[in-house]
1. Using helices alone, what [θ] at 222 nm do you get for the chain, with -39,500 (n - 2.57) per DSSP H run of 4 or more residues, divided over all residues and rounded to the nearest 500?
2. Less than 15 Å apart at the alpha-carbon level, and either on another chain or at least 8 residues along: which aspartates and glutamates does that give for LYS375?
3. What percentage of the solvent-accessible surface of segment 256-360, computed with a 1.4 Å probe over protein heavy atoms, is contributed by carbon and sulfur atoms?
4. Does segment 366-412 come out rounded, prolate or oblate by the C-alpha gyration tensor, with a ≥ b ≥ c the root eigenvalues, rounded set by a/c under 1.5 and, if not, prolate when a/b is larger than b/c and oblate if not?
5. For segment 193-243, what is Rg from Cα atoms divided by 2.2 N^0.38 Å, rounded to two decimals?
6. Could you tell me what percent of the DSSP beta bridges with both partners in the chain are antiparallel, to the nearest 5?
7. Tell me the per residue accessible area of segment 298-443 using a 1.4 Å probe; a whole number in Å² is fine.
8. Can you give me the P(r) profile for the chain? Cα pairs, bins 20 angstrom wide beginning at 0, each as a whole percent.
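The values are calculated or read from the model by the stated rules, or taken from the named source; none is laboratory data. The shown structure was predicted, so the numbers you read here are calculated from the model rather than taken from an experiment. Here the Cβ positions follow ideal geometry from the backbone for every residue, glycine too, while neighbour counts run over all protein chains shown. Protein only, heavy atoms only, side chains kept; ligands, DNA and RNA dropped before computing areas. Shrake-Rupley method; radii C 1.70, N 1.55, O 1.52, S 1.80 Å.
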Amino acid sequence: GLVEPDKKVDSVCPYCGVGCQLTYNIKDNKILYVEGRDGPANQKRLCVKGRYGFDYAHHPHRLTKPLIRRADAPKRGDFVMDPNNVMEVFREATWEEALDLAGGKLKQIRDQYGKKALAGFGSAKGSNEEAYLFQKLVRTGFGSNNVDHCTRLCHASSVAALLEGIGSGAVSNPVMDVMKSEVVIVIGANPVVNHPVAATWIKNATKAGTKLIVMDPRRSDIARNAHRYLQFKPDTDVAMLNAIMHVIVKEGLVNKEFVESRTIGYEELEKNIEAYSPEKMAPVCGIDADTLRYVARLYATSKASMILWGMGVSQHVHGTDNARCLIALSLMTGQIGRPGTGLHPLRGQNNVQGASDAGLIPMMYPDYQHVSDPKVRATFEKAWGVQPGTLDDKPGLTVVEVMHAIKEGKIRGMYVQGENPAMSDPDAGHAREAMASLDHLVVQDIFLTETAYLADVILPAGAFPEKTGTFTNTDRIVQMGRQAINPPGDAKQDLWIIQEIGKRLGLDWDYKHVSEVFDEMRHTMPSIAGITWDRLEREDAVTYPCVKEGDPGDPVVFVDDFPRESGRARFVPADIIPANERPDTEYPMVLITGRQLEHWHTGSMTRRASVLDALEPDPVALIHPLDLAEMGGKPGEVITIESRRGKVTLYARADDGSPRGAIFVPFAYYEAAINKLTNPALDPVGKIPEFKYCAIRVTVG
Ligand code: SF4
């Protein structure tokens, strides 16, 4: 008969930034099934990942004991993971031995080579409290700001542009606001795949009459609901968006009152876009002038227009410029600061917003307070009980910069919690070599990831349903995730492990409960100062900014002013910068990387979730059927993709939504780790790599 649960625990989904609330149904410390709960972002809905992607927690590959690399282990380097030979490379250890070695070696490197010889990567999958404690460990225990996480690979450029332009890196309006919009632009995002429940709200809005404009070089499923679909050429965002703004100026559609009373720098923008007429830009971006005019009028004249974007915008060497154009578009038309308007960069990981807020970034303390500001440093020195003048006043290194610094011998030891740079970094072969050359690498995770395989010490952590903590979704809603089951074997919760490493670096911490960490956070972070642990326990979800206890929280911000010095937003003009690596005769095609519905990021969890793995078991590349036919291939056949940096072999899947000459590959498959091919060239402002464009050649076989 049917197995009945003996326990129900309310929590949130561990995958994407939509932040769906769910209930775990448990029997004998095992999750039987998951149900959607009536949360503010999901109203009982879940996508296939949230509903079926839970049994990774019970997978036999779970790490259950601390592991130490054997002295006679094979050389670290490139590899195909083989869970069966783990014990040839590692040996089991007690927590005491593993922690003493992990923390002791980090301390030794710090004392011998200086504070900047260490770096730490925290995780956007961890809780706010874990992120906060991890950055505090790096800043006070390692003694530098060399702390970062995967936000650098996802929306760093969007956040840089938003902080510069409107003074806040978070979204202005929640996704659900699309129901109040007359016009919605979705650009460089594939929400049906990456934010599936959010996509249902966008589709509902179109049914109720909202006009959806989809702009994307790849025609994704949301284009089916579009009023207009603009398949612009890859890499030409700035050309297209400047042309749209040009029309708005020329046709007198600028919201003068808004521009005059609430912004600065408009004249410079107007001068800059003079050169970008739709006629001139049409051949550049591949969208005809009439369509550019039509979209410009529609967006500018509607009562409420909103823009949502994703990695297609951000992951370019001109990612910051792309976002600057979107911000300028909303400001010049006054389409911000009201319900149904505004700017929404769709967040990837379930807690990438929260981890960034909590200070898991090299240039800012919690709540985006800059490390170079002496007043800010003094506040944190006091709050953290460290000697005045001891906190580092220089921004630390970002994700990709850390890998280069290892190669240069500047960084010698690293602590990686819950991230998998061996799969997620651009030019992953280089990143793997770099990490393999470290004097000491400590990895804390739930599986023997491709990164953990390179480690000297592996610390087995608790999975998402095995711990309690808060998570902040793409809408700025802080939500409570609750422990539903116990970690397997000797695995421990991250918060405990971080503290134990801290102790070995001389930190005198004694947090007894996760709520004590949250309480410390809210006293150093003005935007969540009003959110108490008790309220989260009671209400499960509270939106920030919430500055005083009892505040309802603000789902829509910038109503009266922008959080910049003058209270005004700033226009920043952008010109066309080409992709760093263009196709040529040797590498004639373009590679675009991203995600697919069933697998999440580097696949460490979803490929060990039985239903999801059964749905998408093998690495695939999406290619236009005519391109495939031209090279003599058929759908389902094996193809090889090669760039100047690496080569993978996987299955071709025909997709007539792909642009001609470009190929799309998800980065979830270790056996075809596509990031070995990607270009590590960085956007100079956001320091984000160009995952959405590099030159490749493709052969059948
Ligand atoms: Fe989880 Fe995102 Fe799916 Fe919701 S939409 S169930 S948060 S993966």
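1. Value at 222 nm, helices only, nearest 500: -8500 deg cm²/dmol.
2. Here the aspartates and glutamates satisfying the reach criterion relative to LYS375 are ASP367, ASP392, ASP393.
3. The value for segment 256-360 is 53 percent carbon and sulfur by accessible area.
4. Because a/c hits 1.5 or more and a/b exceeds b/c, segment 366-412 counts as prolate.
5. The reported ratio for this selection is 1.22.
6. Around 50 percent of the beta bridges assigned by DSSP in the chain are antiparallel ones.
7. I get 26 Å² per residue for segment 298-443.
8. 18, 54, 26, 1
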